[in-house]
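The values are calculated or read from the model by the stated rules, or taken from the named source; none is laboratory data. Quick caveat: nothing in here was measured; it's all calculated off a predicted structure. Here Cβ is always computed from backbone atoms with ideal geometry, including for glycine, and neighbour counts include all displayed protein chains. Accessible surface areas use protein heavy atoms only, side chains included; no ligands, DNA or RNA. Shrake-Rupley method; radii C 1.70, N 1.55, O 1.52, S 1.80 Å.
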Amino acid sequence: MNPETSHIPTVVSLQDVIERTPAPAHAHATAWTAAVLRRAMNDGALVPGSKLVESRLAETLDISRNTLRQAFMVLAAENLVEQIPNRGVFVKSPDAIAIGELFTVRLALESTAIELAASGRRQELHDIIDWAKRARENGSVSEMALANQEFHRVIVAASESPRLIKLMSAVLAEMRLLFFAKVTMPSFHGAFVDRNERLMNLVEAGETALAQEELREYLAASRDYFAEQA
């Protein structure tokens, strides 16, 4: 693998994900199935373009096909899978239109979160920046991507709005698919470590308008990078 141009590496299997996801009560089988598949996408066990073979998955997960189909409906509503007529269900691979929409939603969610967040130091953000800087020193694309996801999750969590937090969780799941689908470079992720630090400083200082403008430029740069590959 070229260290300067690579996909986020996949490091787990579906069986690993199943073993790490607590078994459900029968009434929650659909939610559990969706959670396993969502986590498998997040961890790279199911990458964009993967066909989700119903018979094989039902056997592997030890569930009925009806439960699996219900889980597919949940994931389709979250834009994580798509059903292609006469072909089956596949993990989504975001196209240019989907990428544009994803970043539009991110801007709306994160700008609102910044407006709602109280100023002041947030140690969790500083810890994430330190993690990202270590990953950058090591040239680890996967760790920089994970740190970036966590940084933006915490930015939205600072709003203390359960609905914003839930929406952001779904958006970040789509972002993971984007990272797995597209080629990224350490230099690309490395630049956003510094931009995240600037954004953190503005949020902590209570510079809401400046933080929102930084976010707008930040997301536009990221969107354009991925859209060029679509």
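List of remarks:
- L219 vs. criteria touching a residue at least 24 places away in the same chain (Cβ under 8 Å), surrounded by fewer than 20 Cβ atoms within 10 Å (Cβ to Cβ) and touching a Leu at 6+ places or on another chain (Cβ under 6 Å): yes
- Hits in segment 198-230 - residues which are under 16 Å from A158 (Cβ atoms) and part of a helix (DSSP H, G or I): L199, M200, N201, L202, V203, E204, T208, A211, Q212, E214, L215
- Considering the conditions (1) part of a loop (DSSP other than H, G, I, E, B); (2) open to solvent by 50 Å² or more (accessible area, probe 1.4 Å), A45 is excluded by exactly one of them, (2).
- Matching residues in segment 172-188 - criterion: being open to solvent by less than 10 Å² (accessible area, probe 1.4 Å) and either assigned to a helix (DSSP H, G or I) or modelled with pLDDT of 90 or more (or both): M175, L177, L178, F179
- Residues considered: S169, S142, S159. Of these, the only one that is in a loop (DSSP other than H, G, I, E, B), open to solvent by 10 Å² or more (accessible area, probe 1.4 Å) and either among the small types (G, A, S) or in contact with a strand residue (DSSP E or B) (Cβ under 8 Å, 6 or more places away or on another chain) (or both) is S159.
- When segment 79-95 is limited to residues that are open to solvent by 50 Å² or more (accessible area, probe 1.4 Å) and part of a loop (DSSP other than H, G, I, E, B), the one that is nearest to A34 (Cα to Cα) turns out to be N79.
- Odd one out for Q229, checked against (1) open to solvent by less than 30 Å² (accessible area, probe 1.4 Å); (2) under 30 Å from S50 (Cβ atoms); (3) of a type in the set (S, T, N, Q): (1)
- When segment 108-128 is filtered for residues that are buried (at least 17 other Cβ atoms within 10 Å of the Cβ), in a helix (DSSP H, G or I) and hydrophobic (A, V, I, L, M, F, W, C), the ones remaining, listed by number, are L109, A113, I114, L125, I128.
- Among the residues listed as N201, N196, the single one being buried (at least 19 other Cβ atoms within 10 Å of the Cβ) and among the polar types (S, T, N, Q): N196
- Of the residues A58, A76, the single one that is within 17 Å of T30 (Cα to Cα) and in contact with a strand residue (DSSP E or B) (Cβ under 9 Å, 6 or more places away or on another chain) is A76.
- The one condition in (1) of a type in the set (A, V, I, L, M, F, W, C); (2) at pLDDT below 95; (3) outside any helix (DSSP H, G or I) that I99 fails to fulfil: (3)
- Here A132, A98 are screened, and the one residue that is within 19 Å of F188 (Cα to Cα), hydrophobic (A, V, I, L, M, F, W, C) and surrounded by 13 or more Cβ atoms within 10 Å (Cβ to Cβ) is A132.
- Flag if A147 is of a type in the set (G, A, S) and open to solvent by less than 70 Å² (accessible area, probe 1.4 Å): yes
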